[in-house]
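Asker: Quick one: the structure is below, and I'll ask about it shortly.
The values are calculated or read from the model by the stated rules, or taken from the named source; none is laboratory data. Keep in mind the model is a prediction, meaning the values are calculated, not measured. Methodologically, a virtual Cβ is constructed for each residue, glycine included, from the backbone with ideal geometry; neighbour enumeration extends over all protein chains shown. Calculation scope for accessible area: heavy atoms of the full protein, side chains included, ligands and nucleic acids excluded. Shrake-Rupley method; radii C 1.70, N 1.55, O 1.52, S 1.80 Å.
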Amino acid sequence: MTATINDTTQTEAVQPPLTDQERNAMRAFLQRCEVRLSTLHRIATAFIGGAGLLLLLPVFFKDEVVTIIKIFLAHLTDTFPALGANHTLGIVLLYTCLAYPVILSLSIPLYALYLLLKDIVHFYFTIYTPGFNPSLITPSFALGGLAFSPDESENVKRGVYEYQYHSSSINYTIPFSNEKRERYFEETIRNTDGKIIPATRRWEVLAEQNVIPSDADRPTVEHFNAALGLARTLDRPLVREVANTELALVRHILYLRRLMLRYIKTLIMFIWTAMISFVLIPFLQDDKMPTFFVMASGYFVWSLFAMPVLRLPMRWIYRHRQAMPDRTHIDQQLVVLESQVEVFIKISVVISAVAVLFSLYLYAAQ
């Protein structure tokens, strides 16, 4: 197998050679970075992936939403003599003007939840890894494996290789049956044209270093090396390990900030929609109240304040300023949800306002 330029430089020594002080500084930096990365993942796991998401669904999927839908369906057969010959057209117009904001009020929180789940996947997974062939796009965990830097000690690295390629070590790392192991890893190697195997772990390179046990067979060794590739484990020099860790921090922060803000927006949209439902239901269940007028008024209020509610988190961020800054200064990745639903919400404001006036006219004419 032919190594690419990107791969073959993995173990090149830094010129000029690093001093002990520089190496110690890099080791200390890597330790601090590991703590920071661990903190970022704890935030995502504990707050977003666990109890955070579980909080959203009970707030929304309760009896209130179902009750409103049932009330809406129960009044589909209502008649309005004031419409006269245009009764059918008027009823269709009224139901359409009511159905749009109702459906939108359910769709936006669910769409926000969909974007949140997508953000979680993007945070935890990637298809690119520095040091691997750029054409290798197999999905992998965003935190790749960590290998001892070969330029720290050639003797230590050689000992690591010798220990890892014993059959007991390989069986521990990839505990599949022989049949499944062969099918899975052979397919992976074949589908990636061998690019999944790190350059420093290719059979020819290992054989040249004489670190493979005499009883090891090539397919098993390559299966193990493919597993290292799937875990994105590279034998990087210390300098490149530092560079890669800096990149990892940038990537994780970029995704986590968007993910956290999306969670807050999703939560407040769930709460806003649920709150409107809580207020509407007592009035809708009262036979003395005009059902369609109450429903239209409630969803007009929902539509009117939906965008301000979505923009609350950004206003909180700029709470120390008298007014929002030029919106071009705000990262567009942080306001994707608002920009995508703004048009639909503006339409909802107009349509629900028409429903309020139309239903008021119908009840007043009775």
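Asker: Taking only Cα atoms of the stretch 131-243, what ratio of Rg to Rh do you get with Rh as the Kirkwood inverse-distance radius?
Answerer: Across the stretch 131-243, the Cα-based Rg/Rh ratio is 0.94.
Asker: Please report, for the Cα atoms of the chain, the Rg to one decimal and the Dmax as a whole number; what are they, in angstrom?
Answerer: 30.1, 96
Asker: Quick one: check the C-alpha center-to-center distance for the stretch 196-219 versus the stretch 283-348, whole angstrom.
Answerer: 60
Asker: If packing is taken as the average number of other Cβ atoms within 10 Å across a peptide's residues, how do 32-39, 239-246, 258-265 rank, most packed first?
Answerer: For the peptides 32-39, 239-246, 258-265, the packing ranking is 258-265, 239-246, 32-39.
Asker: Rounded to the nearest 500, what is the chain's calculated 222 nm mean residue ellipticity when only DSSP H runs of at least 4 contribute -39500 (n - 2.57) each, over all residues? Before the final figure, lay out the partial values.
Answerer: Details: 14 runs with 243 residues, N = 366.
About -22500 deg cm²/dmol.
Asker: Kindly rank 152-158, 250-256 from highest to lowest mean number of other beta carbons found within 10 Å of each residue.
Answerer: Highest-to-lowest ranking by the protection proxy: 250-256, 152-158.
Asker: Computed on alpha carbon atoms, what radius of gyration and Dmax characterise the stretch 170-214, expressed in Å?
Answerer: When restricted to the Cα atoms of the stretch 170-214, Rg and Dmax are 12.1, 30 Å.
Asker: Would you mind working out the accessible area per residue for the chain, using a 1.4 Å probe, and quoting it in Å²?
Answerer: Per residue, the chain has an accessible area of 55 Å².
Asker: Relative to the compact-globule scaling 2.2 N^0.38 Å, provide the ratio for the alpha-carbon radius of gyration of the stretch 210-262.
Answerer: 1.76
Asker: For Arg327, Arg202, Arg311, Arg319, give me the order by solvent-accessible area with a 1.4 Å probe, most accessible first, ignoring ligands, DNA and RNA.
Answerer: Largest to smallest exposure gives the sequence Arg319, Arg327, Arg311, Arg202.
Asker: So, one more: How large, in percent, is the carbon and sulfur part of the accessible surface of the stretch 185-261 at a probe radius of 1.4 Å?
Answerer: That fraction is 54 percent.
Asker: Cα atoms only: what Rg and Dmax, in Å, come out for the stretch 241-325?
Answerer: In order Rg, Dmax, the Cα atoms of the stretch 241-325 give 20.1, 72 Å.
Asker: So which DSSP H runs in the chain come out at 30 Å plus along the axis (Cα) with average Kyte-Doolittle of at least -1.0?
Answerer: 20-43, 87-124, 238-284, 336-365
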